[in-house]
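Colleague: Have a look at this one before I ask anything.
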Amino acid sequence: MDFKLSYSTEQEEFRKEVRDWLQANIPEDMRSPVDRLDLTDELYKFWRDMHMQLAAKGWLFPTYPTEYGGGGLSGEYETIILEEFERARVVRTFTNSYIFPTLLVWGTEEQKQKFLKPLLTAEKIAFQNFTEPNAGSDLASLQSKAVRDGDDWIITGQKTFISGHGDVDLLFGPIVTDEDAPRHRNLGYFLVPSPSPGLELQRLNLLTGHDQSFIFMDNVRVPGDHLIGDDHQGWQVTQTTLEIEHGGRGIAFPRDEALENLMEYANKTTRNGKPLSADPVLAQTAMDAYIDSHTSTLFAQRNFWMYQARQEMTYHGSQNSMFLKEFRIRNADRARDIMGMYSLLGVQEPRAPFGGQPEVYQRSSLTGAHPGGTVEIQKVIMARRMGISRTRERAAATPSTTGVSGV
Ligand SMILES: Cc1cc2nc3c(=O)[nH]c(=O)nc-3n(C[C@H](O)[C@H](O)[C@H](O)COP(=O)(O)OP(=O)(O)OC[C@H]3O[C@@H](n4cnc5c(N)ncnc54)[C@H](O)[C@@H]3O)c2cc1C
């Protein structure tokens, strides 16, 4: 079977249009740094504006409906755009896009216009406000509380590990609305506006880079229309966000830059006059890395196309996520075997191969095993959905399976 994607003449013309536009409008020194978290204020400002320009062209979120600020394009176009974005080192959007499918499924028309549109046009930014100090994998143990006050809600609690660079306008996630109700039926799903009186973000200092924050909420007043779904439906709404985060939408163009660099290093670096790849042990190691990476690519693309085709999915999302998290750690080990200490030289080191990308990979492959459900949690979900666990579950509602427009 040939897995290579092929494109029509019209699509190839579109690719050229995207490539030429990016070439003309993104100066070389404004492209993504090797460590994508090393964004200067100047780069951040440039990309905030650039994202709005890309959204206006329909390229930032290509498959979302035009009436809510998306591109109204098909999945093929998303693949082309992402490929060109990778080539041009476009800085990825600052908003957490898992909120889009959630709003499409659960938001009212007014909420889609009010919240989804400014996010899809990149005027506003949302972060995912889920994890608490005592609620990570076991998210339903969360303790932040929302109490009604007239039409508003007053929210108090603490969140942690909340990812996002720079400013934020909306923090989305579940909060306890009814302490007497049973677990999973005691939550609402809120968009907490930021800044708000009583709301504080404090940056976390992590090995992975400084892109996570604590969120403290002390009697934060949130208007009633910022509740998505009803005040006891938060767990179901949360499941839609998690279905996407766990890999359920796949990836349109899953490029593996670390693998590309590793292959090039093995082929071009010489030791005792011979390329490293001439060493049979290192050649085996490189091939293991290649096979893992390509298996992951196929899972990600399969899910993307199943999602676009609105096919019923079960374990597929978590399989994609679990495999990705595990193989990246294996390939980081292999990079150390092939590159040795050079894989640990940071972006500031002149002798670091590929500008320090392998070192960024060493860190991100480890911390990447945690967000959006750990490896173990993905296996728990797969087992439940394959019917070999003490509990059974089905995939949550997504735009793909509920039939709303915009996948
Ligand atoms: C870089 C990074 C970015 C993040 N971004 C966000 C964000 O934007 N928004 C947000 O809300 N959160 C974010 N998180 C938090 C992330 O979702 C949690 O770290 C994750 O859910 C795990 O929770 P925990 O850290 O409390 O670990 P725990 O839940 O305490 O787990 C500890 C260990 O126990 C294992 N374990 C737990 N339960 C089981 C089980 N039932 N069976 C088998 N093993 C189990 C886990 O796999 C893990 O190895 C981020 C985390 C990181 C590291």
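Colleague: Check whether at least one residue in region 348-362 is of a type in the set (S, T, Y), more than 16 Å from the ligand (Cβ to nearest atom) and assigned to a helix (DSSP H, G or I), and report yes or no.
Modeller: Scanning region 348-362 turns up no residue that is of a type in the set (S, T, Y), more than 16 Å from the ligand (Cβ to nearest atom) and assigned to a helix (DSSP H, G or I).
Colleague: For region 344-352, indicate whether the set of residues that are surrounded by 19 or more Cβ atoms within 10 Å (Cβ to Cβ) and touching a helix residue (DSSP H, G or I) at 6+ places or on another chain (Cβ under 6 Å) is non-empty.
Modeller: No.
Colleague: Exactly one of (1) open to solvent by 20 Å² or more (accessible area, probe 1.4 Å); (2) more than 16 Å from the ligand (Cβ to nearest atom); (3) within 18 Å of the chain's Cα centre (by Cα) is unmet by R394. Its number?
Modeller: (3)
Colleague: Could I ask something else about it? Which ones in region 187-235 are among the aliphatic types (A, V, I, L, M), under 20 Å from G136 (Cα atoms) and either more than 16 Å from the ligand (Cβ to nearest atom) or in contact with a Gly (Cβ under 6 Å, 6 or more places away or on another chain) (or both)?
Modeller: Correct list: L187, M217.
Colleague: Collect the residues in region 216-256 that are over 21 Å from G107 (Cα atoms) and either open to solvent by 40 Å² or more (accessible area, probe 1.4 Å) or among the β-branched types (V, I, T) (or both), keeping them in residue-number order.
Modeller: Hits for region 216-256 are F216, D218, N219, V220, I251, F253, R255.
Colleague: Out of curiosity, is Q143 surrounded by fewer than 21 Cβ atoms within 10 Å (Cβ to Cβ), within 16 Å of the ligand (Cβ to nearest atom), without any contact (Cβ under 8 Å) to a residue 40 or more places away in the chain and assigned to a loop (DSSP other than H, G, I, E, B)?
Modeller: Against the criterion (surrounded by fewer than 21 Cβ atoms within 10 Å (Cβ to Cβ), within 16 Å of the ligand (Cβ to nearest atom), without any contact (Cβ under 8 Å) to a residue 40 or more places away in the chain and assigned to a loop (DSSP other than H, G, I, E, B)), Q143 qualifies.
Colleague: Only one of L282, L298 is of a type outside the set (D, E), open to solvent by less than 30 Å² (accessible area, probe 1.4 Å) and not in a strand (DSSP E or B). Can you tell me which?
Modeller: L282
Colleague: Could you give every pair whose Cβ atoms fall below 6 Å, whose first residue belongs to region 371-398 and is in a helix (DSSP H, G or I), and whose second residue is exposed (fewer than 14 other Cβ atoms within 10 Å of the Cβ) and at pLDDT 95 or above, counting only separations of at least 6 or pairs across chains?
Modeller: Listed pairs, sorted by first residue: I377/S137.
Colleague: What residue, among those in region 146-171 that are in a loop (DSSP other than H, G, I, E, B) and surrounded by fewer than 16 Cβ atoms within 10 Å (Cβ to Cβ), is farthest from the ligand (Cβ to nearest atom)?
Modeller: Once the filter is applied, the top-ranked residue is G150.
Colleague: For the structure I just gave you, tell me whether G317 is open to solvent by less than 60 Å² (accessible area, probe 1.4 Å) and without any contact (Cβ under 8 Å) to a residue 24 or more places away in the chain.
Modeller: Taking the combined requirement at face value, the residue does not satisfy it.
The values are calculated or read from the model by the stated rules, or taken from the named source; none is laboratory data. Because the structure is predicted, anything quoted here is derived from the model rather than measured. Glycine gets a Cβ as well: all are built from the backbone with ideal geometry, and neighbour counts include every protein chain shown. Please note that ligands, DNA and RNA were not included when accessible areas were found on the heavy atoms of the full protein model with its side chains. Shrake-Rupley method; radii C 1.70, N 1.55, O 1.52, S 1.80 Å.
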